[in-house]
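Take a look at the structure set out below.
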Amino acid sequence: MTETGPLTAATAAHSSFDPYSRRVEASPVRFLYGLNPLAKLAAPLPAMVLLVFVRDAATPAAFLVLAYVVLLVGVKFTRRLAAILLLALPLGALVIGFGFSLWTDASRVDQSVVVWQIGGWTLYGGALDVGFATGLRLAAIVALTLIAGLSTTGPDLVRAGVQQLRVPYRIGYTALAAFRFVPRFGHELDVIRQAHRVRGAHGGRGPFAAVARWFGYVVPLMAGAIRHAERVALAMDARAFGAHLDRTERYLVPFRARDTVFIVLFWAVSAALFWLLFPWSL
């Protein structure tokens, strides 16, 4: 169904509306929504791979700033984005950095300044450097993955894989059908829980009652999953899914010149940052 009525076969051929892809209403300035998903994956990929082999703090910090700039300009600013960029990532980097500081071999950094000493245990400044460099590195890699993750829908990613990477459509669209099972299971679980509440079958309070309730949800949830899987299989058979090597595409995800420009620019900026900071010793 569309907002103006059912999507018929006659209108579907001329419509760009995808009922299974969540549309994001954003200004043209938020350019990431208009790029091909593969371009958003390919652009930061070399930097992500090279960051694995970096040990300093300046290089991941620079890429973290780069990812933040791209996200703040290219993605619609929402509470979720603010929570991820301003709270989750910095807090995660701090926790991971401090955790790795505690795990660092003290014999390798015992020449640095002593920061904290409890009995026979000592925390050196070198351990903090190693730990927080690791935390920054992981935060930078996660932030770079968010460039595609926050601006791409699952259906568009699968379609781009099938159309540009020539992934067999039997694999791509089967994975997409399985992916769509997840929200449906969430909806069915919510209906089952409401039905149990209406019938007074909540089972009381406490951890053991909660475990018993969840076991009571499993059987109807599995029955619903089997019914839904049978309907999906029948629908796919009715559409001759797998009968031919290729299929025509109802929704196209083109790879345009702007996708190439984005990849080239991102690679150029990444190369410039690695060249300026050069975190490896020869």
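The values are calculated or read from the model by the stated rules, or taken from the named source; none is laboratory data. The structure presented is a predicted model; accordingly, all values stated were derived computationally and were not measured. Every residue, glycine as well, gets a Cβ built from its backbone with ideal geometry; the counts of neighbours run over all protein chains shown. Just the protein is used for accessible areas: all its heavy atoms, side chains included, with ligands, DNA and RNA removed. Shrake-Rupley method; radii C 1.70, N 1.55, O 1.52, S 1.80 Å.
Would segment 207-220 turn up any residue that is modelled with pLDDT of 85 or more, open to solvent by 90 Å² or more (accessible area, probe 1.4 Å) and farther than 30 Å from Thr153 by Cα? Checked segment 207-220: at least one residue is modelled with pLDDT of 85 or more, open to solvent by 90 Å² or more (accessible area, probe 1.4 Å) and farther than 30 Å from Thr153 by Cα. Only one entry in His196, His187, His228 is at pLDDT below 85, out of contact with any strand residue (DSSP E or B) (no Cβ under 6 Å at 6 or more places or on another chain) and farther than 28 Å from Asn36 by Cβ, namely His196. Here is a list: Leu41, Leu81, Leu86. Which entry is open to solvent by 60 Å² or more (accessible area, probe 1.4 Å), assigned to a helix (DSSP H, G or I) and at pLDDT below 95? The unique qualifying residue is Leu86. When each of Phe53, Phe17 is tested for being modelled with pLDDT under 95, surrounded by fewer than 17 Cβ atoms within 10 Å (Cβ to Cβ) and under 30 Å from Ala268 (Cα atoms), the lone residue that passes is Phe53.
Of Phe266, Phe262, Phe274, all but one fail to be in a helix (DSSP H, G or I), in contact with a Ser or Thr (Cβ under 8 Å, 6 or more places away or on another chain) and open to solvent by less than 60 Å² (accessible area, probe 1.4 Å); the exception is Phe274. Consider segment 235-251 and keep the residues that are exposed (fewer than 10 other Cβ atoms within 10 Å of the Cβ) and of a type in the set (A, V, I, L, M, F, W, C). The one that is modelled with the highest pLDDT is Ala238.
I'd like to verify a number: residues in segment 152-185 that are loosely packed, with under 14 Cβ neighbours inside 10 Å, of a type in the set (A, V, I, L, M) and not in a helix (DSSP H, G or I), how many? Matching residues across segment 152-185 total 1.
Of the listed requirements (1) touching a Leu at 6+ places or on another chain (Cβ under 8 Å); (2) assigned to a helix (DSSP H, G or I); (3) of a type in the set (A, V, I, L, M, F, W, C), Val49 misses just one: (1). Evaluated against (1) modelled with pLDDT under 95; (2) in a helix (DSSP H, G or I); (3) open to solvent by less than 50 Å² (accessible area, probe 1.4 Å), Ala10 falls short on exactly one condition, (3).
Taking Val158, is it over 26 Å from the mean Cα position of the chain (by Cα) and at negative phi? Answer is no for this residue. Of all residues in segment 103-150, those being among the charged types (D, E, K, R) and open to solvent by less than 20 Å² (accessible area, probe 1.4 Å) number 0. Consider Glu188 carefully, then state whether it is out of contact with any Lys or Arg (no Cβ under 9 Å at 6 or more places or on another chain), buried (at least 16 other Cβ atoms within 10 Å of the Cβ), part of a helix (DSSP H, G or I) and without any contact (Cβ under 8 Å) to a residue 60 or more places away in the chain. Considered against the rule, which asks whether it is out of contact with any Lys or Arg (no Cβ under 9 Å at 6 or more places or on another chain), buried (at least 16 other Cβ atoms within 10 Å of the Cβ), part of a helix (DSSP H, G or I) and without any contact (Cβ under 8 Å) to a residue 60 or more places away in the chain, Glu188 comes out as yes. Listed by first and then second residue, the pairs linking a residue in segment 250-275 that is more than 27 Å from Val52 (Cβ to Cβ) to a residue that is among the aliphatic types (A, V, I, L, M) and assigned to a loop (DSSP other than H, G, I, E, B), with Cβ atoms under 7 Å apart and 6 or more places separating them unless they lie on different chains, are Arg258/Leu35.
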